[in-house]
Amino acid sequence: MWLAYRNSNSKDAKLLPEDKKVRLLGWIASKREHGKKIFISLRDRYGYIQLVANKDQLPEDVFTNVKEAYLESAVAVEGQIKKDPRAPGGAEVHLSNFIVISKSEEWPITLSALKSPEFLFDKRHLTIRGPKSRAVMLVRAALLKNAIDYFIKNDYVWIQAPTFITSAVEGGATLFPVEYFGRVAYLTQSAQFYEEAVICALEKVFVVQPSFRSEKSRTRKHLTEFWHIEAEVAFASHEDIMKVEEELLSHMINKTIEEMSDEINFVRKGKLPSSLEPPYEKLSYDEAIFMLQKKGFDIEWGDDFGAREERALSKMFDKPFFVTGYPVVTRSFYHMKDPNRPEVTLSSDLFAPEGYGEITSGGQRIHSYEELYNKILEMGLNPEEYDWYLEIRKYGMPPHSGFGLGLERVLTWLLKLPHIRDSTLFPRTPARLHP
Ligand code: 4AD
Ligand code: MG
């Protein structure tokens, strides 16, 4: 109902000529009094603009409204544009009217509250109004849009997979059980198996949806619910899929930097990564182990990288890089063996540099029925739990490859956020389910 009132916004208004009349809608982000003047920073979807209420130029009741309004009240204002180099953005609005549409109580996010990250996450439904959250969410939206844009431009079909599933893709340890009409279902860890079924119809598919992990590891890079961008391609080799991964990542990031440079610079401390152009370096798992051992890490061939090793390895690079050829023992059952070296898989992880670590995992899948059946038995799993996943291999399953990328991992690195929970509106971790 108030929308028709608005004739400009905080960003466009600053570009209007002197004395132009504007009507804006928004919230009071900050307020200070200076003699007979009150300065307000008005926040709307586009940013911030300074409003000036002058006691001598406003009817008394309107000035009182300004004086008494608490931070974060929703307001409708009218005034004239005045150019002023001291105002943020070079222009401000001298108020002629000020209406409180919905009043606010005293804002609970005080300066001392800012010192408690836990309190700020308890009040996340309010703190998301701040400038940093705003910038993070805009960059996140751009990253996601640009990922989808890459796939659509390259002729992939966007498919959707179920959230309730019956068996693990990435190991039983991180499955979330759900009561399902007297049976146990689980929340999906990855849409990969569904994508594998669909490639026999559509060849190149991608998925964008949440995945769930009951992660016991409470690190700065694990959420229990994260947004998973996955792709699967028929007839593609491990080499082919690495090319897709590096093209996707560079497209997502370069376009987002182009569109959101102000927001990125506002949040990111330090320069942007200098070059994201592929191809990215391919480090073998063997070399990675050797490099870590040389740095004094107690790690042996066949071990998975822990959080510390991953960080150390990633710090040795200033551009994304692949680690390729993970040992069979470190990977889930569906991974194809390297025919030249049966102890390793045709698989890789794409790492972010600067200490941020893994952002994708991918590789070639076993497409032979017999080989997959035997591998499932070998790993102590039950073939019955994978009945349909096995059956698709009886009917013309070609060699194929795919990968999954964690949106929050990319965003955390791009903005150099201190913790992955800062990359999502309402984070889910073992300790946090509210708000
Ligand atoms: O490495 P993951 O577990 O691989 C898979 O799920 C494959 N089935 C994907 C595929 O091939 N289609 O997960 C893929 C990516 C990781 O590299 C990481 O970026 C992200 O998903 N990820 C998480 N992000 C945040 N919190 C967690 N707990 C995550 N677990 C995985
Ligand atoms: Mg992985």
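Being in contact (Cβ under 8 Å) with a residue 12 or more places away in the chain, over 19 Å from Val410 (Cα atoms) and hydrophobic (A, V, I, L, M, F, W, C): is that true of Val344 here? Yes: the conditions hold for Val344.
Just one of (1) within 16 Å of ligand 2 (Cβ to nearest atom); (2) small (Gly, Ala, Ser); (3) over 30 Å from Phe333 (Cα atoms) fails for Gly171. It is (3).
Give the residues of segment 232-245 that are touching a residue at least 12 places away in the same chain (Cβ under 8 Å) and away from ligand 2 (no atom under 16 Å from the Cβ), sorted by residue number. Steps first, please.
Pass one, segment 232-245, residues touching a residue at least 12 places away in the same chain (Cβ under 8 Å): 232-238, 240-245.
Across segment 232-245, the qualifying residues are Val233, Ala234, Phe235, Ala236, Ser237, Asp240, Lys243, Val244.
Just to be sure before I move on: is Glu354 more than 24 Å from Asn382 (Cα to Cα), acidic (Asp, Glu) and within 16 Å of ligand 2 (Cβ to nearest atom) in the structure I sent?
Numbers: more than 24 Å from Asn382 (Cα to Cα): yes; acidic (Asp, Glu): yes; within 16 Å of ligand 2 (Cβ to nearest atom): no.
No.
Each row is one residue, and each column tells you yes or no for (1) away from ligand 1 (no atom under 16 Å from the Cβ); (2) under 33 Å from the mean Cα position of the chain (by Cα).
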| site | (1), (2) |
| --- | --- |
| Trp388 | yes, yes |
| Gly396 | yes, no |
| Arg421 | no, yes |
| Pro427 | no, yes |
| Pro435 | yes, yes |
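I'd like to know if segment 349-358 contains one or more residues that are within 15 Å of ligand 1 (Cβ to nearest atom), aromatic (Phe, Trp, Tyr) and farther than 18 Å from Ile241 by Cβ. There is at least one residue in segment 349-358 that is within 15 Å of ligand 1 (Cβ to nearest atom), aromatic (Phe, Trp, Tyr) and farther than 18 Å from Ile241 by Cβ.
Taken over segment 306-330, the criterion of being within 15 Å of ligand 2 (Cβ to nearest atom), part of a loop (DSSP other than H, G, I, E, B) and surrounded by fewer than 19 Cβ atoms within 10 Å (Cβ to Cβ) is satisfied by Gly306 alone.
Filter segment 402-420 for residues that are away from ligand 2 (no atom under 16 Å from the Cβ) and among the charged types (D, E, K, R) and give the result.
Lys416 - this is the single residue of segment 402-420 that is away from ligand 2 (no atom under 16 Å from the Cβ) and among the charged types (D, E, K, R).
Quick one: is Arg134 of a type in the set (Lys, Arg), in a helix (DSSP H, G or I) and more than 16 Å from ligand 1 (Cβ to nearest atom)? Considered against the rule, which asks whether it is of a type in the set (Lys, Arg), in a helix (DSSP H, G or I) and more than 16 Å from ligand 1 (Cβ to nearest atom), Arg134 comes out as yes. Note on segment 315-341: residues that are farther than 15 Å from Met379 by Cβ, out of contact with any Leu (no Cβ under 9 Å at 6 or more places or on another chain) and free of Cβ contacts under 8 Å to residues at least 24 places away in the same chain amount to 2. Scanning segment 359-377 for residues that are out of contact with any helix residue (DSSP H, G or I) (no Cβ under 7 Å at 6 or more places or on another chain) and either near ligand 1 (Cβ under 9 Å from one of its atoms) or touching a residue at least 12 places away in the same chain (Cβ under 8 Å) (or both) yields Ser361, Lys375.
Among the residues of segment 100-120, how many are aliphatic (A, V, I, L, M), touching a residue at least 24 places away in the same chain (Cβ under 8 Å) and surrounded by 15 or more Cβ atoms within 10 Å (Cβ to Cβ)?
Step one: list which residues in segment 100-120 are aliphatic (A, V, I, L, M), which gives 100-101, 109, 111, 113-114, 120.
In the following step, the residues that additionally are touching a residue at least 24 places away in the same chain (Cβ under 8 Å) were identified as 100-101.
Cutting the leftovers down to surrounded by 15 or more Cβ atoms within 10 Å (Cβ to Cβ) gives us 100.
Qualifying residue count, segment 100-120: 1.
Beta carbons closer than 9 Å, at least 6 apart along the sequence or on distinct chains, pair a first residue in segment 219-231 that is over 25 Å from Gln364 (Cα atoms) with a second that is more than 7 Å from ligand 1 (Cβ to nearest atom) and acidic (Asp, Glu) for Lys221/Glu310.
Within segment 354-372, the set of residues being out of contact with any strand residue (DSSP E or B) (no Cβ under 7 Å at 6 or more places or on another chain) and more than 21 Å from Phe235 (Cα to Cα) comprises Glu354, Gly355, Tyr356. The set of residues in segment 157-185 that are buried (at least 21 other Cβ atoms within 10 Å of the Cβ) and either of a type in the set (Ser, Thr, Tyr) or without any contact (Cβ under 8 Å) to a residue 12 or more places away in the chain (or both) is empty. Among the residues of segment 181-221, those that are more than 9 Å from ligand 1 (Cβ to nearest atom), under 22 Å from Arg428 (Cβ atoms) and either in contact with a strand residue (DSSP E or B) (Cβ under 8 Å, 6 or more places away or on another chain) or in a strand (DSSP E or B) (or both) comprise Val184, Ala185, Tyr186, Leu187, Thr188, Val208, Gln209, Pro210, Arg218. Restricting to segment 31-64, name every residue that is assigned to a strand (DSSP E or B) and exposed (fewer than 13 other Cβ atoms within 10 Å of the Cβ). Correct list: Arg32, Glu33, His34. Residues that are touching a Ser or Thr at 6+ places or on another chain (Cβ under 9 Å), within 16 Å of ligand 2 (Cβ to nearest atom) and not acidic (Asp, Glu) do occur in segment 383-401, at least one of them.
Within segment 204-231, restricting attention to residues that are of a type in the set (S, T, N, Q) and touching a Leu at 6+ places or on another chain (Cβ under 9 Å), the residue that is nearest to ligand 2 (Cβ to nearest atom) is Ser211.
If you go through segment 249-292 and keep only what is among the aliphatic types (A, V, I, L, M) and farther than 26 Å from Lys337 by Cβ, you end up with Leu249, Met252, Ile253, Ile257, Met260, Ile264, Val267, Leu272, Leu276.
We did not get these values from a lab; they are worked out from the coordinates using the rules stated. Keep in mind the model is a prediction, meaning the values are calculated, not measured. So basically every Cβ, Gly included, is an ideal-geometry build from the backbone, and we count neighbours across all protein chains shown.
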